[in-house]
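Participant: Attaching a single structure in C-alpha coordinates format; questions to follow.
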Amino acid sequence: MSEPDCLFCRIINGEIPTDFVREDDRSVVISDINPQAPTHFLVIPRAHLDSLDDASQKDEALLGHLLRVAAQVANAAGLAESGYRTVINTGAGAGQSVFHLHVHLLGGRPLSWPPG
Ligand code: 5GP
Ligand code: ZN
(Lines give C-alpha, C1' and ligand atoms only; values in the text may rest on other atoms or scores of the structure.)
(Ligands and ions follow the chains in the order given, each with its own letter.)
Protein backbone atom coordinates (compact mmCIF):
# COMPACT_ATOMS: atom_id res chain seq x y z
CA MET A 1 0.00 0.00 0.00
CA SER A 2 2.76 2.43 1.02
CA GLU A 3 6.39 2.16 -0.09
CA PRO A 4 8.95 3.42 2.46
CA ASP A 5 11.33 4.83 -0.16
CA CYS A 6 8.67 6.44 -2.36
CA LEU A 7 8.61 10.25 -2.38
CA PHE A 8 4.86 10.54 -2.94
CA CYS A 9 4.05 7.91 -0.29
CA ARG A 10 6.16 9.96 2.14
CA ILE A 11 4.29 13.15 1.17
CA ILE A 12 0.94 11.39 1.57
CA ASN A 13 1.75 9.96 5.00
CA GLY A 14 3.01 13.34 6.24
CA GLU A 15 6.70 12.45 6.50
CA ILE A 16 7.48 15.27 4.04
CA PRO A 17 5.23 18.23 4.96
CA THR A 18 3.38 19.38 1.86
CA ASP A 19 0.16 21.39 1.49
CA PHE A 20 -2.72 19.45 -0.01
CA VAL A 21 -4.70 21.56 -2.47
CA ARG A 22 -7.45 18.99 -2.09
CA GLU A 23 -7.74 15.54 -0.60
CA ASP A 24 -10.22 12.74 -0.23
CA ASP A 25 -10.18 9.12 0.84
CA ARG A 26 -8.49 7.97 -2.36
CA SER A 27 -6.36 10.88 -3.57
CA VAL A 28 -4.42 14.02 -2.72
CA VAL A 29 -3.63 17.01 -4.93
CA ILE A 30 -0.40 18.99 -4.50
CA SER A 31 1.33 21.81 -6.36
CA ASP A 32 4.25 20.64 -8.49
CA ILE A 33 7.57 21.79 -6.99
CA ASN A 34 8.86 22.66 -10.49
CA PRO A 35 5.80 24.02 -12.30
CA GLN A 36 5.73 23.82 -16.08
CA ALA A 37 2.72 26.16 -16.41
CA PRO A 38 1.07 28.86 -14.24
CA THR A 39 -1.16 26.10 -12.86
CA HIS A 40 0.58 22.75 -12.35
CA PHE A 41 -0.94 20.32 -9.89
CA LEU A 42 -0.33 16.63 -9.31
CA VAL A 43 -3.28 14.35 -8.58
CA ILE A 44 -1.89 11.39 -6.67
CA PRO A 45 -3.66 8.23 -5.48
CA ARG A 46 -3.10 7.42 -1.81
CA ALA A 47 -2.42 3.81 -2.79
CA HIS A 48 1.00 3.17 -4.28
CA LEU A 49 1.11 2.04 -7.90
CA ASP A 50 4.44 2.37 -9.68
CA SER A 51 2.84 3.67 -12.87
CA LEU A 52 -0.19 3.42 -15.12
CA ASP A 53 1.41 0.25 -16.44
CA ASP A 54 1.01 -1.25 -12.98
CA ALA A 55 -2.74 -0.63 -12.85
CA SER A 56 -5.13 -3.53 -13.28
CA GLN A 57 -8.87 -4.04 -13.55
CA LYS A 58 -9.34 -3.48 -9.82
CA ASP A 59 -7.90 0.03 -10.27
CA GLU A 60 -10.33 1.16 -12.98
CA ALA A 61 -12.57 3.12 -10.61
CA LEU A 62 -9.55 4.77 -9.01
CA LEU A 63 -8.18 5.85 -12.40
CA GLY A 64 -11.54 7.39 -13.27
CA HIS A 65 -11.63 9.11 -9.90
CA LEU A 66 -8.20 10.71 -10.46
CA LEU A 67 -9.38 12.20 -13.77
CA ARG A 68 -12.60 13.51 -12.21
CA VAL A 69 -10.61 15.11 -9.38
CA ALA A 70 -8.33 16.71 -11.98
CA ALA A 71 -11.36 18.20 -13.76
CA GLN A 72 -12.82 19.47 -10.49
CA VAL A 73 -9.52 21.10 -9.48
CA ALA A 74 -9.16 22.60 -12.97
CA ASN A 75 -12.64 24.10 -12.71
CA ALA A 76 -11.93 25.43 -9.23
CA ALA A 77 -8.75 27.03 -10.62
CA GLY A 78 -10.79 28.76 -13.33
CA LEU A 79 -9.35 26.76 -16.22
CA ALA A 80 -12.56 25.41 -17.72
CA GLU A 81 -12.83 28.10 -20.37
CA SER A 82 -9.17 28.45 -21.35
CA GLY A 83 -8.61 24.71 -21.29
CA TYR A 84 -6.21 22.47 -19.43
CA ARG A 85 -4.19 19.34 -19.97
CA THR A 86 -3.94 16.13 -17.98
CA VAL A 87 -0.79 14.06 -18.49
CA ILE A 88 0.37 10.71 -17.13
CA ASN A 89 4.03 10.02 -17.91
CA THR A 90 4.59 6.27 -17.91
CA GLY A 91 8.17 5.01 -17.81
CA ALA A 92 11.46 6.88 -17.76
CA GLY A 93 11.47 7.10 -21.55
CA ALA A 94 8.24 9.10 -21.38
CA GLY A 95 9.54 11.42 -18.69
CA GLN A 96 8.35 9.68 -15.53
CA SER A 97 10.71 10.56 -12.69
CA VAL A 98 8.61 9.64 -9.63
CA PHE A 99 7.45 6.04 -9.74
CA HIS A 100 4.17 6.50 -7.91
CA LEU A 101 1.34 6.99 -10.39
CA HIS A 102 0.16 10.60 -10.72
CA VAL A 103 -1.79 12.80 -13.09
CA HIS A 104 -0.30 16.17 -14.02
CA LEU A 105 -2.84 18.97 -14.39
CA LEU A 106 -1.45 21.88 -16.42
CA GLY A 107 -3.06 25.14 -17.49
CA GLY A 108 -2.94 28.90 -17.48
CA ARG A 109 -0.96 29.28 -20.69
CA PRO A 110 -1.36 28.08 -24.29
CA LEU A 111 -0.31 24.43 -24.47
CA SER A 112 1.14 23.33 -27.79
CA TRP A 113 0.65 19.97 -29.44
CA PRO A 114 2.32 17.54 -29.81
CA PRO A 115 4.09 17.66 -26.45
CA GLY A 116 7.88 17.15 -26.48
P1 5GP B 1 6.97 12.79 -13.49
O2 5GP B 1 8.29 13.31 -14.03
O3 5GP B 1 7.21 11.50 -12.72
O4 5GP B 1 5.89 12.65 -14.51
O5 5GP B 1 6.44 13.87 -12.47
C6 5GP B 1 6.96 14.02 -11.19
C7 5GP B 1 6.72 15.45 -10.79
O8 5GP B 1 6.93 15.56 -9.41
C9 5GP B 1 7.67 16.46 -11.46
O10 5GP B 1 6.92 17.38 -12.23
C11 5GP B 1 8.40 17.11 -10.29
O12 5GP B 1 8.61 18.49 -10.49
C13 5GP B 1 7.48 16.82 -9.12
N14 5GP B 1 8.15 16.70 -7.85
C15 5GP B 1 9.32 16.05 -7.61
N16 5GP B 1 9.64 16.12 -6.32
C17 5GP B 1 8.65 16.83 -5.71
C18 5GP B 1 8.42 17.23 -4.35
O19 5GP B 1 9.19 16.94 -3.43
N20 5GP B 1 7.29 17.96 -4.11
C21 5GP B 1 6.42 18.30 -5.11
N22 5GP B 1 5.36 19.02 -4.76
N23 5GP B 1 6.59 17.93 -6.39
C24 5GP B 1 7.71 17.20 -6.69
ZN1 ZN C 1 4.34 5.62 -3.44
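The values are calculated or read from the model by the stated rules, or taken from the named source; none is laboratory data. Remember, it's a predicted structure, so these values are computed and weren't measured experimentally. Positions of Cβ are backbone-derived with ideal geometry, glycine not excepted, and every protein chain shown enters the neighbour counts. Please note that ligands, DNA and RNA were not included when accessible areas were found on the heavy atoms of the full protein model with its side chains. Shrake-Rupley method; radii C 1.70, N 1.55, O 1.52, S 1.80 Å.
Participant: Over 25 Å from Gly14 (Cβ atoms), within 16 Å of ligand 2 (Cβ to nearest atom), under 12 Å from the mean Cα position of the chain (by Cα) and of a type in the set (A, V, I, L, M, F, W, C), is that true of Leu52? Working first, answer last.
Facilitator: Values: over 25 Å from Gly14 (Cβ atoms): yes; within 16 Å of ligand 2 (Cβ to nearest atom): yes; under 12 Å from the mean Cα position of the chain (by Cα): yes; of a type in the set (A, V, I, L, M, F, W, C): yes.
When the stated conditions are applied, Leu52 passes them.
Participant: When you scan segment 16-32, how many residues do you find that are within 11 Å of ligand 1 (Cβ to nearest atom) and either free of Cβ contacts under 8 Å to residues at least 24 places away in the same chain or in a loop (DSSP other than H, G, I, E, B) (or both)? First the steps, then the outcome.
Facilitator: Start the filter on segment 16-32 by keeping residues that are within 11 Å of ligand 1 (Cβ to nearest atom), which leaves 16-21, 28-32.
From the residues that got through so far, the ones that are either free of Cβ contacts under 8 Å to residues at least 24 places away in the same chain or in a loop (DSSP other than H, G, I, E, B) (or both) too are 16-21, 28, 30-32.
Matching residues across segment 16-32 total 10.
Participant: Here is a further query. In segment 33-41, is there at least one residue being part of a strand (DSSP E or B), out of contact with any Asp or Glu (no Cβ under 8 Å at 6 or more places or on another chain) and open to solvent by less than 30 Å² (accessible area, probe 1.4 Å)? Steps first, answer last, please.
Facilitator: Step one: of segment 33-41, the residues part of a strand (DSSP E or B) are 39-41.
Retained after the next criterion (residues that are out of contact with any Asp or Glu (no Cβ under 8 Å at 6 or more places or on another chain)): 39.
Among the residues that remain, those that are also open to solvent by less than 30 Å² (accessible area, probe 1.4 Å) are: 39.
Yes, the conditions are met somewhere in segment 33-41.
Participant: For Leu63, state whether it is under 13 Å from the mean Cα position of the chain (by Cα), open to solvent by less than 30 Å² (accessible area, probe 1.4 Å) and not hydroxyl-bearing (Ser, Thr, Tyr).
Facilitator: Details: under 13 Å from the mean Cα position of the chain (by Cα): yes; open to solvent by less than 30 Å² (accessible area, probe 1.4 Å): no; not hydroxyl-bearing (Ser, Thr, Tyr): yes.
Spelling it out, it is not the case that Leu63 is under 13 Å from the mean Cα position of the chain (by Cα), open to solvent by less than 30 Å² (accessible area, probe 1.4 Å) and not hydroxyl-bearing (Ser, Thr, Tyr).
Participant: Separate question: Could you tell me how many of the residues in segment 1-13 are of a type in the set (A, V, I, L, M) and either open to solvent by less than 70 Å² (accessible area, probe 1.4 Å) or in a strand (DSSP E or B) (or both)? Walk me through how you get there before you give the answer.
Facilitator: Quick first cut of segment 1-13, residues of a type in the set (A, V, I, L, M) only: 1, 7, 11-12.
When the remaining residues are screened for being either open to solvent by less than 70 Å² (accessible area, probe 1.4 Å) or in a strand (DSSP E or B) (or both), the result is 11-12.
Count: 2.
Participant: Give segment 84-106 a look and list any residue that's over 12 Å from the mean Cα position of the chain (by Cα) and open to solvent by less than 30 Å² (accessible area, probe 1.4 Å), or say none.
Facilitator: Within segment 84-106, Gly91 is the sole residue that qualifies.
Participant: Can you pull out every residue in segment 14-31 that is surrounded by 13 or more Cβ atoms within 10 Å (Cβ to Cβ) and within 16 Å of ligand 2 (Cβ to nearest atom)? Explain how you work it out, then say what you get.
Facilitator: Just the residues of segment 14-31 that are surrounded by 13 or more Cβ atoms within 10 Å (Cβ to Cβ), to begin with: 18, 20-23, 26-31.
Selection gives Thr18, Phe20, Glu23, Arg26, Ser27, Val28, Val29, Ile30.
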